[in-house]
Structures are given as structure tokens and as C-alpha cells.
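Novice: Mind looking over this structure? Questions follow.
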Number of protein chains: 2
Amino acid sequence: MAKEKKVEQITDMEVDFAQWFTDVCTKAELVDYSGVKGLFILRPYGYAIWENIQNILDKKFKELGHENVSMPMLIPESLLQKEKDHVEGFAPECAWVTMGGSEPLQEKLCIRPTSETLFCDHWSHVVHSWRDLPMKYNQWCSVLRWEKTTRPFLRGREFLWQEGHTLHATAQEAVEETLQMLEVYADLCENYLAMPVIRGNKTDKEKFAGAENTYTIECMMHDHKALQSGTSHYFGDGFARAFGITFSDKENKLSYPHQTSWGLSTRIIGGIIMTHGDNSGLVLPPAIAPIQVIVLPIAMHKPGVADKAQELVSRLKVAGLRVKGDFSDNSPGWKYAQYEMKGVPLRVEIGPRDMENGQCVAVLRTSGEKITVPLDELETRIPELLETVQSQMFDKAKSNLDSHTFVAHSLEEAKTLQEENGGFIKTMWCGDLACEMAMKEQAGMSSRCIPYAQEHLDDCCAVCGKPADKMIIWGVAY
Amino acid sequence: MAKEKKVEQITDMEVDFAQWFTDVCTKAELVDYSGVKGLFILRPYGYAIWENIQNILDKKFKELGHENVSMPMLIPESLLQKEKDHVEGFAPECAWVTMGGSEPLQEKLCIRPTSETLFCDHWSHVVHSWRDLPMKYNQWCSVLRWEKTTRPFLRGREFLWQEGHTLHATAQEAVEETLQMLEVYADLCENYLAMPVIRGNKTDKEKFAGAENTYTIECMMHDHKALQSGTSHYFGDGFARAFGITFSDKENKLSYPHQTSWGLSTRIIGGIIMTHGDNSGLVLPPAIAPIQVIVLPIAMHKPGVADKAQELVSRLKVAGLRVKGDFSDNSPGWKYAQYEMKGVPLRVEIGPRDMENGQCVAVLRTSGEKITVPLDELETRIPELLETVQSQMFDKAKSNLDSHTFVAHSLEEAKTLQEENGGFIKTMWCGDLACEMAMKEQAGMSSRCIPYAQEHLDDCCAVCGKPADKMIIWGVAY
């Protein structure tokens with residue numbers, strides 16, 4: 001019952017990057033649209049990417065002493081209102097439950113947009129002594145933010161994420177936690193997702209509602225726009241005061257603890273797509289690819305070919321790889337296109353002639369290079385080639401970032417550089433909100449971060465010319 | 001800075017079983033109450049139990065070819081209404097979102113009480129050919145049901161669960177899937193949670209809203225009440241027709257696929273507590289205990305004791321056990337009580353005299369038996385003792401089930417048996433709803449299931465005396 005399935009076509013990224021992105025999301029079978037705007041279905045292939053990211057992070061969180069918990073999904077309006085900056089930031093985009101069964105509720109409940117208030121309420125019950133600290137919690141869940149414009153992964157009204165929440169006896173310990181968790185995200189991005197990052201902290205304008213300081217990792221997408229890829233917040237004792245969380249310290253004095261939170265969401269999958277994808281579809285970093293190797297029998301009807309291909313699948317599985325064989329009756333052309341669309345890092349082909357020569361052919365999703373691999377070296381060479389793909393991906397993304405990061409000395413220059421090249425523009429900044437607003441209004445760029453890696457470009461602010469000792473990065477962000 | 005922490009007290013189970021249950025939930029630090037009735041916080045120790053159950057099931061689901069996905073948490077009212085039995089069953093207990101930000105919504109959205117409608121809507125987009133079948137999906141999430149009375153684990157307005165949803169080309173394949181997944185749940189209960197089960201199917205009255213047949217596993221709690229512990233539903237093609245899901249079969253004819261769903265929730269943790277707990281608190285089956293072994297140094301200030309205890313912790317960790325040492329300055333008495341409360345299956349004590357004798361002492365949480373273990377046999381003996389605890393727990397629960405399962409030949413006799421002993425009452429049943437209602441109204445018992453393991457007790461229905469060929473089990477259920 002042979003048949004020729006149609007090869008799916010996607011829009012060229014040079015023609016329409018946004019449409020290319022949407023095409024990849026649907027044609028690679030990552031998502032489907034639900035009946036509610038901004039609520040996306042993560043299909044098995046999309047969810048498997050998230051599961052692989054979860055496994056990496058969850059293991060790391062636990063190694064660092066964090067424990068998983070589950071908080072309710074609903075927050076009473078009065079609880080959300082306890083911390084005033086927080087409610088101002090989140091109330092406008094809350095979805096509200098007003099009826100339970102057929103009864104109107106006495107107090108409306110919002111579906112969590114984030115869970116600081118819930119963690120604080122819980123801690124106010126259970127934290128009493130310095131012996132109870134630190135509390136280092138994490139939860140995997142989905143949250144809701146009623147956004148006006150929505151796109152798969154990048155901006156959903158509902159999205160999956162993890163949110164870490166910790167409480168510490170001292171400010172110093174809380175700040176260390178905040179920075180440590182940003183490093184965990186940076187490690188995930190650079191060493192697993194092949195996405196180079198800029199580490200830094202947000203301006204007051206861009207920080208999380210209620211935070212004293214927000215640290216961020218910023219990535220550059222293929223179209224030279226920025227994606228905020230993970231954030232870590234230091235709250236000081238502001239929430240603790242608002243929620244009445246106190247503890248007896250070692251001197252038996254009542255103190256307020258210091259708090260952090262940090263989150264990374266399925267948005268990062270949008271980042272993977274836009275960093276690595278090409279006009280054939282998705283390109284997945286081997287470290288998180290649900291299928292790392294697709295084995296395709298060539299001339300499958302020839303004696304022994306299917307068996308040999310199956311043997312390769314089994315051997316690679318035993319070697320610890322995520323591998324799949326496609327023994328369907330679809331044409332080789334369709335299969336090539338299909339697994340390219342799905343971004344499988346390595347395709348392994350084996351046909352009658354290969355069998356005669358005791359070899360198979362590995363094709364790299366990145367460069368398209370074809371490499372002959374002797375069958376008796378399969379278990380060593382294939383993992384090596386996956387590492388090659390992983391580094392090629394990082395290097396390409398790094399080169400994109402480096403070649404599109406510019407220095408400007410005035411707003412005008414920054415604006416021209418952005419218009420002509422896109423990318424990240426570094427300038428000095430005096431720290432004034434007015435200058436940040438001017439850059440937004442006149443050059444269309446938001447501040448991405450004040451990077452850890454500071455450089456002295458000038459003595460004065462690129463916008464107002466006043467003395468400035470901070471270097472800041474501007475960009476157009478998703 | 002030594003101190004004597006107060007040993008937590010709980011209500012005796014013989015005095016007030018319900019209060020005992022609540023005490024265990026809070027004192028063993030499984031849950032905390034949130035500001036919204038019926039929404040519970042799963043604290044680290046409670047969530048870790050759920051994670052261990054998740055790991056067992058998730059692995060099994062994947063081995064059987066299921067894939068995880070993520071569906072939206074909100075269902076438009078019109079979508080919920082598509083299958084009429086389903087909406088009748090669930091609409092009365094839905095929580096409704098009516099506002100997004102400050103805008104009233106055009107159509108109200110319910111927070112998923114279960115996701116059949118969402119899966120069906122998705123399948124109606126993506127299923128076209130017999131080649132697309134079966135679809136074997138699962139999701140881990142929380143659902144909301146606006147219950148009037150609520151209790152931790154047993155009846156929450158929000159609870160965590162997994163819901164499997166599958167779609168098949170033939171009725172036979174779907175029925176096989178339904179039965180297979182019930183077996184997965186039975187295996188979890190019996191071989192990991194040490195909870196013996198009765199497998200059977202539900203009556204029409206008790207089946208899932210919209211299902212053709214619901215299969216269940218029923219467990220008996222320590223107080224002889226029943227807990228429905230996992231269910232698996234066969235839907236026929238009812239939902240497929242309601243949602244317009246069709247596929248071209250191998251003869252190119254348009255057909256409706258057949259559907260199943262199956263779920264197991266954090267309710268099972270309530271079952272573990274009520275099956276195995278005692279007046280000292282929780283008793284956890286080693287297979288899912290977050291801490292399988294607690295190592296306590298005795299006379300910790302004596303030279304070498306703490307180091308030796310730490311060495312045991314490390315050795316047991318290397319041996320693959322979930323083990324913890326308590327080196328805090330709390331008194332031994334407090335530590336004994338604390339880890340008994342938390343249901344840790346095995347306590348390992350080591351003091352100066354044990355060190356001299358090259359041994360440690362293992363204390364079983366179940367029997368309290370103290371067993372001397374030579375240190376050079378640690379890695380073999382401790383896992384053996386954990387297996388002993390696991391079988392002791394199953395045997396005790398099985399004996400409770402067997403000794404409290406009775407045969408009755410009339411409603412009156414069933415009623416008396418229930419009043420005098422509690423437990424499961426087996427009778428013949430004609431299949432009429434009227435008799436099921438009579439048993440409920442007059443004897444306070446609901447039908448638990450029509451067990452797979454049928455016995456011929458009589459020729460006629462215990463309620464109405466009409467000919468009957470089905471044996472049914474009645475009980476008082478949580």
C-alpha cells in the first residue's frame with residue numbers, strides 16, 4: 001500500500017520570518033491551536049523537547065538542594081493585592097474565576113500569573129525559626145497571563161514553566177541564590193541548547209513587579225532580535241513584610257527573611273526554533289532533541305536492508321542515544337524532508353552497497369555533510385558526530401551574536417545601527433528612566449540588560465550626554 | 001545550641017478516623033491549607049510521594065507507546081457542551097472564568113474538570129487516515145471540580161492527576177487499551193503501593209459521564225471503607241461522532257474511531273495513608289517512600305559516631321537507596337517520633353557500642369522489630385529488610401480486605417453486615433437501577449464494582465429477588 005506523501009512546504013525565513021516561525025511550529029508538529037486564543041496545544045514532539053529541558057533543570061535544581069512542591073492554581077484577589085507593586089504589574093493581565101458551579105463566588109479568584117503570593121502565604125504559616133531556613137522550592141506548572149497578541153511559544157496566554165521560590169535568613173544568601181540560579185539557566189542555554197547568552201541585570205523599568213533586582217539572560221535570534229530567555233529575581237524582604245513572614249534568628253530576635261524567585265518557560269523552545277532553524281525547518285540541539293538519530297533504510301525491499309537498519313537502531317539505543325528507525329513505505333525523499341523539518345540532528349542511511357562495504361552514511365542536519373561511518377565504529381562515531389552538530393550550532397549562534405553586536409555613542413547612531421543591521425547596541429547610560437524611554441520612543445529599542453561584562457565605551461550617556469558609568473545593551477525584543 | 005523539640009501528637013485512629021487522617025496529612029508535612037477552600041498545597045514531602053508515583057507510571061506509559069502532551073487548562077462552554085452526557089456530568093461542578101484582564105469574556109471558559117473535549121477537538125484537526133491511529137496520549141496536570149465538601153487528597157477542588165486519552169481504529173483495540181491501562185493501575189497499587197485491589201466494572205449509574213463502560217480498581221481502607229483508586233473508560237465512538245472525528249480506513253471508507261481515557265490522581269496518596277497508617281502516623285511503602293532509610297547516630301557527641309553514620313548514609317546511597325541521615329541536635333526521642341510520623345520504612349541506628357561490634361540496628365516501621373545488621377552486610381541486608389516491610393504492608397492490607405469482605409443474600413443482611421463490620425458486601429444483582437438505589441437509600445452503600453472475579457452466590461438479586469447472574473460489591477465509599 002505504497003503512497004507518496006506530500007512534502008510539507010514552509011515560508012522562507014528571508015521572505016517572512018514570523019510566518020516561517022509559525023510554519024515551523026505547526027509543520028514540525030510542535031503545536032496545534034486550541035479553541036481559545038493564546039492557549040496552545042503542545043503535541044508529543046513539542047512536549048518531548050520540554051520534557052528533556054525539564055529533566056536537565058530538575059536534576060540540577062535538586063542537586064542544589066531545591067524541593068518540588070505544588071501550589072494551588074487560583075489566587076484570591078485579596079492575596080494578590082498584598083504586595084502593591086506586584087498587583088499593579090499583574091492584575092491587568094489576570095484571568096478571573098467568578099463562578100463555582102452555578103454560584104457566583106464571594107471573592108473572585110485569579111488563575112496564577114505567577115505564584116509569589118501563594119508561596120509567601122504558605123511560608124507565613126510554616127516558617128518560625130532560623131532552623132526552618134532556607135526554604136528552597138520549585139514548581140512545574142502552567143500560568144496564565146491574558147495577553148492581547150499571542151504567538152506559539154513566544155507569547156501564550158497560558159504557558160508551561162518552572163518557578164523557583166526561595167527564602168533565606170540573610171540578604172547575602174538570597175542574592176547568591178539569585179545569581180546561582182541565573183547561572184543554571186545560562187548553563188542550560190549555552191551547554192545544552194547551544195544558545196550563547198548575555199548575562200546582566202534589568203533596569204528598574206524592566207524588572208519584575210515587586211523585585212528589587214531582576215537578573216536576565218538575553219539571547220539573539222537569527223533575525224537579530226532579542227529573546228529574554230530566563231530571569232532570576234531578588235526581592236529583599238519586601239514580600240516578607242507584606243505577608244508577615246518572620247523568623248527567630250540565632251540571637252532569638254524576630255527578623256524578616258529575604259526572598260528570590262526565578263523562572264524559565266516554554267518560551268525557550270521559541271528561542272531554540274529562532275536561533276537554529278533554517279528554511280528546511282527546525283534544527284534541534286542534540287542534547288535536547290527527542291530524536292537524536294533517525295535511521296533510514298535505503299532500498300528497503302532489498303534482502304537484509306530492513307534487518308540491518310533495525311540492528312543499527314538497536315545498537316544506538318543500547319549506546320544510550322534517542323534513536324528511531326523509519327520503516328514506513330513513504331518515499332526516501334519524503335523521509336529526508338520530514339526529519340529535516342523535525343530538526344533531527346543526524347540522519348543515518350544504510351542501503352545494500354553500504355552493507356557490502358560494512359558502513360553507513362551519516363548526514364549532519366547542520367551542514368548537510370555526509371560522513372561514511374564504518375559499522376564497527378558506530379557506537380563511538382555517532383556520539384562524536386552529535387557533539388560536532390552541537391558545537392557547530394553553538395558556534396553559528398555565537399558568530400551571529402558577535403557579528404550583530406555594535407557600539408554606539410549617541411541615540412542617533414544607535415538608531416541607525418539598529419535600522420541597518422538589527423542586533424544588540426551597546427552604549428553608556430546614565431541610569432535615568434527618561435533616557436531609556438527616549439531610546440524606546442525614538443529608536444524603537446528597549447533596554448535588554450546591564451551586562452555583567454562591563455566595558456567603558458565613553459564617559460557619558462549616549463542619550464542625554466550626562467556622566468555615565470554603566471554600559472547597557474539595547475535591542476528589539478520578542 | 002541544643003533544644004528539645006516537641007513531639008507532635010495526633011488523634012488516635014480508633015477515636016476519630018477522620019481527624020486522625022487530617023492530623024497525619026498536616027503533621028507529616030504532606031499538605032498545607034491555602035486561602036481557597038479545597039485547594040491544597042502539596043509540601044515537599046507530599047509532592048515527593050507523587051513524583052515517585054509519577055516516575056513509575058510515566059515509565060510504564062511510555063513503554064506501552066504513550067506520548068505526553070499538554071492541553072490548555074480552559075475549555076470554552078460550547079466545546080464542553082458537545083457531548084451531552086459529559087456536560088451533564090461535569091457542568092455543575094465547573095469553575096468558570098468570565099473575565100480576562102478587566103474585560104468580560106464573550107464566552108465563559110471553564111477550568112478543565114477533565115480533558116476529553118480538548119483531546120477530541122485536537123484530534124478532529126489532526127486525524128485523517130488509519131495511518132494516524134492509534135493516538136496514545138497522556139498528560140500530567142491538575143484539574144478543578146467545584147466540590148462542596150473537601151478533604152486533603154480525598155476530595156480537593158483542585159487535584160493533580162494524569163489523564164490518558166487514546167483513539168483507535170477499532171472497538172476491540174480500544175477495549176483492550178482500556179483493560180490494559182486498568183492493569184497498569186492495579187500493578188501500581190499492588191506491587192508498589194502495597195494496596196490489594198478489586199478489579200471490576202462500574203454500573204451504569206456509577207460510570208464516567210459519557211462513557212460506555214468504566215473499569216475500576218477498588219481498595220479497602222483501614223476503616224473498611226472503599227476508595228476508588230483508578231478508573232479506565234471505554235467511550236465507543238460517541239465522542240468521535242459528537243466532535244466529528246473521522247478517518248479513512250484501509251478500504252478508504254470514512255469511519256469513526258473508538259476512544260478511551262484513564263486517570264489516577266493524588267487521591268491515591270489519601271489511599272496510602274488510610275491503608276497503611278497507624279497511631280504513630282504515616283507508614284510508607286518502601287517502593288515510593290521519599291526517604292526509605294533514615295540513619296540516626298546515637299550518642300552523636302562520642303568520637304567517630306557521626307562520621308560512621310555519614311559513612312552508612314553514603315554506602316546506602318551508592319547502593320541505590322533513598323536515604324537520609326539526621327545529624328541535627330534534636331533528641332533521639334524526637335527523631336524517632338518524627339520519622340515514624342513521616343512513615344519512613346526503616347530506621348538505622350548506630351552508636352559507639354554498635355561500632356565496636358561492627359554492626360548497626362535496623363528498626364522496621366511496620367512491626368517495630370529491631371534487627372542487628374553486620375556492617376559488612378549492609379548493602380544486601382537493608383534492601384532485603386525494605387522488601388520485608390513492603391510485603392508485610394501488602395499482607396496486612398490483604399488480610400484487612402479478606403477479613404472484611406462478606407456475602408449477603410438480602411438487602412437486610414447486607415445492611416446488618418455493613419453496620420456491624422463495615423467492609424465490602426458481595427451480593428447477586430439483577431442489574432436494575434432501582435435495586436442499586438434501594439441499597440443506597442436503605443443500607444447506605446453504593447455499588448463499588450461488578451468484579452472480574454465473579455462468583456455464583458445465588459440465583460436471584462439480593463434486593464428484588466428477580467433472577468440475577470451478576471455478582472456485585474457494595475460498600476461505603478470515600
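Novice: Given A:Ile75, A:Ile56, which one is more than 28 Å from A:Gly236 (Cβ to Cβ) and either in a strand (DSSP E or B) or in the same structural domain as A:Lys27 (by TED's automatic domain parsing) (or both)?
Specialist: Being more than 28 Å from A:Gly236 (Cβ to Cβ) and either in a strand (DSSP E or B) or in the same structural domain as A:Lys27 (by TED's automatic domain parsing) (or both) holds for just one of A:Ile75, A:Ile56, which is A:Ile56.
Novice: Right, next: B:Glu67 passes all but one of (1) facing chain A (nearest Cβ under 8 Å); (2) farther than 30 Å from B:Lys253 by Cα; which number fails?
Specialist: With respect to (1) facing chain A (nearest Cβ under 8 Å); (2) farther than 30 Å from B:Lys253 by Cα, B:Glu67 is out only on (2).
Novice: Starting from residues that are among the polar types (S, T, N, Q) and more than 19 Å from B:Ile41 (Cβ to Cβ), keep the ones in the stretch A:94-129 and report whichever is nearest to the other protein chains (Cβ to nearest Cβ).
Specialist: Selected residue: A:Thr98.
Novice: Within the stretch B:98-129, which residues are loosely packed, with under 13 Cβ neighbours inside 10 Å and part of a loop (DSSP other than H, G, I, E, B)?
Specialist: B:Ser102, B:His128
Novice: Go through (1) among the charged types (D, E, K, R); (2) more than 10 Å from every other protein chain (Cβ to nearest Cβ); (3) within 21 Å of the chain's Cα centre (by Cα); (4) under 28 Å from B:Ala95 (Cβ atoms) one by one and return the number of the condition A:Lys60 breaks.
Specialist: (4)
Novice: Exactly one of (1) over 30 Å from A:Glu420 (Cβ atoms); (2) of a type outside the set (Val, Ile, Thr); (3) at pLDDT 95 or above is unmet by A:His224. Its number?
Specialist: A:His224 satisfies every listed condition except (1).
Novice: Next question. Which condition number does B:Ile53 fail, the rest of (1) in contact with a helix residue (DSSP H, G or I) (Cβ under 8 Å, 6 or more places away or on another chain); (2) touching a residue at least 12 places away in the same chain (Cβ under 8 Å); (3) within 11 Å of chain A (Cβ to nearest Cβ) being met?
Specialist: If we test B:Ile53 against (1) in contact with a helix residue (DSSP H, G or I) (Cβ under 8 Å, 6 or more places away or on another chain); (2) touching a residue at least 12 places away in the same chain (Cβ under 8 Å); (3) within 11 Å of chain A (Cβ to nearest Cβ), just (3) comes out false.
Novice: On to the next question. With the stretch A:304-367 as the region, which strands (runs of 3 or more DSSP E) entirely inside it contain at least 1 residues that are in contact (Cβ under 8 Å) with a residue 40 or more places away in the chain?
Specialist: Correct list: A:346-350, A:359-364.
Novice: Restrict the check to the stretch B:4-25 and report whether at least one residue is in contact with a Lys or Arg (Cβ under 6 Å, 6 or more places away or on another chain) and of a type outside the set (Lys, Arg).
Specialist: Checked against the condition, which is being in contact with a Lys or Arg (Cβ under 6 Å, 6 or more places away or on another chain) and of a type outside the set (Lys, Arg), the stretch B:4-25 yields at least one hit.
Novice: Provide a single number: the residues in the stretch A:140-161 that are within 14 Å of chain B (Cβ to nearest Cβ), surrounded by 20 or more Cβ atoms within 10 Å (Cβ to Cβ) and touching a helix residue (DSSP H, G or I) at 6+ places or on another chain (Cβ under 9 Å).
Specialist: 9
Novice: Based on what the data block shows, is B:Ile272 in a loop (DSSP other than H, G, I, E, B) and of a type in the set (Val, Ile, Thr)?
Specialist: So B:Ile272 fails the test.
Novice: Consider B:Pro352 against the criteria (1) in contact with a helix residue (DSSP H, G or I) (Cβ under 8 Å, 6 or more places away or on another chain); (2) closer than 25 Å to B:Glu29 by Cβ: it satisfies all of them except one. Which criterion is unmet?
Specialist: (2)
Novice: Output the strands (runs of 3 or more DSSP E) that fall wholly within the stretch B:394-478 and possess 3 or more residues being touching a residue at least 12 places away in the same chain (Cβ under 8 Å) and more than 30 Å from B:Ile288 (Cα to Cα), or say none.
Specialist: Qualifying strands (runs of 3 or more DSSP E): B:424-429, B:470-475.
Novice: With the requirement that a residue be at the interface with another protein chain (Cβ under 8 Å from one of its Cβ atoms) and touching a residue at least 40 places away in the same chain (Cβ under 8 Å), what does the stretch B:34-43 give you?
Specialist: Passing the criteria: B:Val36, B:Leu39, B:Phe40, B:Leu42.
Novice: Can you tell me which residues in the stretch A:19-58 are among the basic types (Lys, Arg) and over 23 Å from A:Cys189 (Cα atoms)?
Specialist: A:Lys27, A:Lys37
Novice: What number of residues within the stretch B:429-476 satisfy the criterion of being surrounded by 15 or more Cβ atoms within 10 Å (Cβ to Cβ), among the small types (Gly, Ala, Ser) and within 19 Å of B:Asn213 (Cβ to Cβ)?
Specialist: Summing the residues that are surrounded by 15 or more Cβ atoms within 10 Å (Cβ to Cβ), among the small types (Gly, Ala, Ser) and within 19 Å of B:Asn213 (Cβ to Cβ) in the stretch B:429-476 gives 3.
Novice: Inspect all residues belonging to the stretch B:71-87 and state whether any of them is buried (at least 17 other Cβ atoms within 10 Å of the Cβ), under 23 Å from the mean Cα position of the chain (by Cα) and either among the charged types (D, E, K, R) or more than 10 Å from chain A (Cβ to nearest Cβ) (or both).
Specialist: Looking for residues that are buried (at least 17 other Cβ atoms within 10 Å of the Cβ), under 23 Å from the mean Cα position of the chain (by Cα) and either among the charged types (D, E, K, R) or more than 10 Å from chain A (Cβ to nearest Cβ) (or both), one finds none in the stretch B:71-87, hence no.
Novice: Can you tell me how many residues within the stretch A:12-28 are in a loop (DSSP other than H, G, I, E, B) and crowded, with 17+ Cβ neighbours inside 10 Å?
Specialist: Number of matching residues: 2.
Novice: Show the residue pairs that are 6+ apart or on different chains and have beta-carbon atoms under 8 Å apart, the first residue being within the stretch A:200-226 and farther than 20 Å from A:Tyr185 by Cα and free of Cβ contacts under 8 Å to residues at least 24 places away in the same chain, the second being in a loop (DSSP other than H, G, I, E, B) and not basic (Lys, Arg).
Specialist: none
Novice: Answer yes if at least one residue in the stretch B:134-153 is part of a helix (DSSP H, G or I) and among the β-branched types (Val, Ile, Thr), and no otherwise.
Specialist: No - not one qualifying residue is present in the stretch B:134-153.
The values are calculated or read from the model by the stated rules, or taken from the named source; none is laboratory data. Note that the structure is a prediction, hence the values are computed from the model and not measured. No Cβ is skipped: glycine too gets one built from the backbone with ideal geometry, and neighbour counts run over all protein chains shown.
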